[in-house]
Amino acid sequence: MLKQVSHWLGIRRNEEVGHLVNARSKEREERGENSNLPSLPDGFDWRVYVGAHYDLQGLSRAEAEKHYRKHGAAEGRLHSEEGVAQYIASLEAEYGKLPEFFDWKGYIGNYPDLAGIGSAYAAIKHFLQHGRREGRLPYQFNPDLYRSLYFKGARMSDDALLEHYQTVGHAAGYLATFDQLAQAEGLADGYWLRFLDLEEFNLLNSRWVGQVSNKQEALRAMMREGFERLAPISFGHAFDPVYFADANPAQAGKDRVELYKYWLFTGLKAKVPGNAAEHLRLHG
């Protein structure tokens with residue numbers, strides 16, 4: 001079960017050595033302004049704490065520990081693999097086994113009515129209590145991406161593609177989401193790829209890229225030289241480094257390529273405009 005918890009939370013167990021916190025030593029380290037806060041419990045694992053909660057994504061170790069002491073303890077948030085595993089085991093005993101490759105972020109992302117679910121274990125609880133019975137998909141699946149990568153030109157319905165992924169593709173390591181596609185090429189996040197329009201990308205970048213036939217080829221072209229070129233990914237998503245630097249002084253010191261990557265990987269998710277026209281469209 002602990003291995004499955006690591007999988008569900010996206011944690012690599014061999015990278016966790018040294019991250020389990022001894023409560024007494026941490027209490028000694030954090031005397032001063034935080035001395036009136038509760039101590040970290042034995043077995044506190046900051047990676048699990050961050051990985052299990054949507055609102056904590058991206059926190060550092062120090063930030064996660066401080067958050068738990070100020071908020072998490074009082075809110076009853078789970079903070080260790082053992083705690084999450086025990087909670088899930090109790091649910092499985094009542095509602096049946098969780099699918100081995102359950103993706104809690106993907107599950108929430110599939111359904112707008114689940115946007116208020118803020119943790120891995122809350123998503124698991126919802127799926128076991130309601131989602132499976134309602135026929136909800138326990139992970140993300142992009143049929144258009146899957147078709148373009150493996151069945152280009154074939155007449156297959158979305159349901160047939162999903163069945164293929166469930167029975168063949170998943171075990172074979174086929175890519176079914178933009179995040180999986182990006183991670184397969186060495187990037188952490190593929191959110192920005194949903195804004196890459198393949199036809200428009202070819203039109204805008206034909207002089208250097210030629211013609212790409214799917215988003216994997218487009219991604220590889222971007223990594224090869226597109227980032228350096230500040231290559232536009234669609235008509236509506238061109239990047240102006242001068243505008244972006246002026247509008248985002250917190251990113252001062254980054255060169256134009258670093259700014260472009262920041263906008264693609266972080267800004268698009270936060271709806272930060274990449275040029276003045278987009279700013280006017282978003283903010284009037």
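General observations
- Of the residues making up the stretch 253-273, those that are under 25 Å from residue 55 (Cα atoms) and not in a helix (DSSP H, G or I) are 268, 269, 270, 271, 272, 273.
- Only listed residue being within 18 Å of residue 45 (Cβ to Cβ) and modelled with pLDDT of 85 or more, chosen from 90, 80, 148: 80
- Residue satisfying condition, being over 20 Å from the mean Cα position of the chain (by Cα), farther than 19 Å from residue 197 by Cα and small (Gly, Ala, Ser), within set 253, 226: 253
- Lone unmet requirement of (1) loosely packed, with under 13 Cβ neighbours inside 10 Å; (2) at pLDDT 95 or above; (3) within 21 Å of residue 185 (Cα to Cα) for residue 222: (1)
- Some residue of the stretch 236-252 being in a loop (DSSP other than H, G, I, E, B), crowded, with 18+ Cβ neighbours inside 10 Å and among the aliphatic types (A, V, I, L, M): no
- Of residues in the stretch 99-119 being touching a residue at least 60 places away in the same chain (Cβ under 8 Å) and closer than 20 Å to residue 176 by Cβ, the one surrounded by the most Cβ atoms within 10 Å (Cβ to Cβ): 104
- Contacts under 7 angstrom Cβ, first residue in the stretch 128-146 being over 29 Å from residue 182 (Cβ atoms) and without any contact (Cβ under 8 Å) to a residue 40 or more places away in the chain, partner surrounded by 14 or more Cβ atoms within 10 Å (Cβ to Cβ) and among the β-branched types (Val, Ile, Thr), 6 or more apart: none
- The set of residues in the stretch 262-271 being surrounded by fewer than 19 Cβ atoms within 10 Å (Cβ to Cβ), without any contact (Cβ under 8 Å) to a residue 60 or more places away in the chain and within 16 Å of residue 234 (Cα to Cα) consists of 271 alone.
- Flag for residue 26 being of a type in the set (D, E, K, R) and modelled with pLDDT under 60: yes
- Count - residues of the stretch 69-88 that are over 15 Å from residue 127 (Cβ atoms), in a helix (DSSP H, G or I) and not polar (S, T, N, Q): 11
- Selection within the stretch 45-68: residues that are closer than 11 Å to residue 120 by Cα and hydroxyl-bearing (Ser, Thr, Tyr). The member of this set that is surrounded by the most Cβ atoms within 10 Å (Cβ to Cβ) is 49.
- Residue check for residue 228: loosely packed, with under 15 Cβ neighbours inside 10 Å, assigned to a helix (DSSP H, G or I), charged (D, E, K, R) and without any contact (Cβ under 8 Å) to a residue 24 or more places away in the chain: no
- Restricting attention to the stretch 157-202, the residues that are among the polar types (S, T, N, Q), part of a helix (DSSP H, G or I) and within 19 Å of the chain's Cα centre (by Cα) add up to 2.
The values are calculated or read from the model by the stated rules, or taken from the named source; none is laboratory data. Quick caveat, the model's predicted, so the values are computed rather than measured. When we count neighbours, we look across all protein chains shown, and the Cβ atoms used for this are built from the backbone with ideal geometry, even at glycine.
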